[in-house]
Amino acid sequence: MSAASTPLRDIDDAPPRDRARPQGMALPFDLVLILGVIGLAACSLVAIRSSTADDITGDPTYYFKRQAIFFAVGGVLSLALIKFDYSRLRVARWWIYGFLMASIFAVKLIGSVAKGAQRSIALGPFQFQASELGKVLIVVVLAGFAADRGRRLQERDTTARIMLLALIPAAFVMVQPDLGSSLVYGAIALAILYFAGTPARHFLALIALGAVAISIVLVAAPAAGVSVLHGYQEDRLTSFLHPSADTNRAGYQQNQSIIAFGSGQKTGRGERATQTKLNFLPEHHTDFISAVVGERWGFVGAALVLSLYALLIWRGLRILTMAKDLFGALVAGGIVAMLLFQVFVNVGMALGIMPITGIPLPLMSYGGSSVVSTLLAIGLLQAIYVQGRASAATKGRIMGH
């Protein structure tokens, strides 16, 4: 059955089985979702502590302590959102969109430059990366816009506007340059269109337009002497096709990552993890944290981490079906897509089956902006869960009378 035949705007007409359950002593939040997040946080801290012990001379726990602070701050904010009336975000969606664009422009104006990219704003000892928070904000904006056009979701105009709302900030993020985050924005927009019941013909048209855009960026524009992507970005996008052809430059990181995964075998190498310990694997605590897990704890460790992500995706989809309204369902769907896309691309690039785009592994990679933003998204999922159950309980009492 296609997405168009079961749009989420009919969500209240077919309440899922979970809505009919008696509340009894039920917890006021999704405990399984929280346990999944705690499990990933623990895996992240263990992996970062073991892989960065030799990175900062005289302070072997430097990254570990900072990551723990990020989890603590994000956890408090996430818990604060559980009782928050998320429908207010729908009303404030244009203010949120304005803040999103302003923060992206602020990075361009006053952002600090690191490794040739201007992606963050220095806030004392920490860095604020607007594109990471923007992933959550764009979910809210697009979900609010789609919910307000609930009776016009089949129209081409609605599809075009949703994509345009996502592609405008994505284009400015790409200029920073941050190709990975801009791709996440596009994936979120497509997911919200899908969950809203957009007709299949619209997706076919978007796929065709995407193919044309890629051809222009990678072929036509360079042939005309216009470079849309930076040279290193083009190398990264193409090196994964032939990683062994350039093992010392563009293909170096992926080759080292593949070696790390392979050397881990079933149960990992532990403290004998030379790829990480001897710093053969660059960015081992950020983009390639999954390779660290694969080398140190092998297939067993990697399977555990992926199982925790599967748990998060499952609970997110379950919360989607429990939402009290279309807006909540679309927010949940957008968050699920955000998490799933980042996990798929990050692990894929570490295994050499996806190009390197700089997408972090949610709740695993080191980085305050990514960790806090992801935990804010988890908090929104919890708010949707809580209010969905409350709405179901109210309907149950009304029907009982």
Is it fair to say residue 262 is touching a Leu at 6+ places or on another chain (Cβ under 7 Å), in a helix (DSSP H, G or I) and either closer than 15 Å to residue 356 by Cα or not basic (Lys, Arg) (or both)?
-> no
Unique residue being in contact with a Gly (Cβ under 6 Å, 6 or more places away or on another chain) and under 17 Å from residue 377 (Cβ atoms) when the list is 142, 77, 89, 100 | 100
Residues of the stretch 197-206 satisfying the condition of being closer than 22 Å to residue 139 by Cβ and either in contact with a Pro (Cβ under 6 Å, 6 or more places away or on another chain) or surrounded by fewer than 11 Cβ atoms within 10 Å (Cβ to Cβ) (or both) | 197
Considering 81, 89, which residue is surrounded by 12 or more Cβ atoms within 10 Å (Cβ to Cβ), in contact (Cβ under 8 Å) with a residue 24 or more places away in the chain and either among the aromatic types (Phe, Trp, Tyr) or closer than 28 Å to residue 285 by Cβ (or both)?
-> 81
Conditions: (1) buried (at least 22 other Cβ atoms within 10 Å of the Cβ); (2) at pLDDT below 90. Residue 346 meets all but one. Number of the miss?
-> (2)
Could you please tell me which pairs satisfy a Cβ distance under 7 Å, a separation of 6+ or placement on different chains, a first residue in the stretch 151-162 that is in contact (Cβ under 8 Å) with a residue 60 or more places away in the chain, and a second residue that is assigned to a helix (DSSP H, G or I) and surrounded by 14 or more Cβ atoms within 10 Å (Cβ to Cβ)?
-> 153/9; 153/146
Could you list, in sequence order, the residues of the stretch 149-164 that are part of a helix (DSSP H, G or I) and out of contact with any helix residue (DSSP H, G or I) (no Cβ under 6 Å at 6 or more places or on another chain)?
-> 151, 156, 157, 160, 161, 164
Could you figure out which of (1) in contact with a Pro (Cβ under 8 Å, 6 or more places away or on another chain); (2) of a type in the set (D, E, K, R); (3) modelled with pLDDT of 90 or more isn't true of residue 325?
-> (1)
Go through the stretch 290-311 and give me each residue that's under 13 Å from residue 342 (Cα atoms) and buried (at least 24 other Cβ atoms within 10 Å of the Cβ).
-> 290
Going through the stretch 312-328 in order, the residues found to be surrounded by 19 or more Cβ atoms within 10 Å (Cβ to Cβ), hydrophobic (A, V, I, L, M, F, W, C) and within 20 Å of residue 35 (Cα to Cα) are 312, 319, 320, 322
Considering each residue of the stretch 121-144, count those that are surrounded by fewer than 21 Cβ atoms within 10 Å (Cβ to Cβ) and in a helix (DSSP H, G or I), and give that number.
-> 1
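Residue by residue, here is whether (1) touching a Leu at 6+ places or on another chain (Cβ under 6 Å); (2) of a type outside the set (Val, Ile, Thr); (3) modelled with pLDDT of 85 or more; (4) on the phi < 0 side of the Ramachandran plot holds:
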site: 152; (1), (2), (3), (4): no, yes, yes, yes
site: 167; (1), (2), (3), (4): no, yes, yes, yes
site: 170; (1), (2), (3), (4): no, yes, yes, yes
site: 193; (1), (2), (3), (4): no, yes, yes, yes
site: 199; (1), (2), (3), (4): no, yes, yes, yes
site: 217; (1), (2), (3), (4): no, no, no, yes
site: 223; (1), (2), (3), (4): no, yes, no, yes
Tell me, which helices (runs of 4 or more DSSP H) lie completely within the stretch 1-102 with 1 or more residues that are over 30 Å from residue 167 (Cβ atoms), at pLDDT 90 or above and touching a helix residue (DSSP H, G or I) at 6+ places or on another chain (Cβ under 6 Å)?
-> 31-51, 62-80
Using the structure shown, decide if residue 184 is β-branched (Val, Ile, Thr) and within 19 Å of residue 135 (Cα to Cα).
-> yes
Answer yes if at least one residue in the stretch 308-325 is among the basic types (Lys, Arg), part of a helix (DSSP H, G or I) and farther than 25 Å from residue 183 by Cβ, and no otherwise.
-> yes
Filter the stretch 274-289 down to the residues that are in a helix (DSSP H, G or I) and touching a residue at least 60 places away in the same chain (Cβ under 8 Å), then identify the one that is surrounded by the fewest Cβ atoms within 10 Å (Cβ to Cβ).
-> 277
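The values are calculated or read from the model by the stated rules, or taken from the named source; none is laboratory data. Every value quoted in this text rests on a predicted model; they were computed, and no experiment measured them. Quick reminder, even Gly has a Cβ in these numbers, built from the backbone with ideal geometry, and neighbours come from all protein chains shown.
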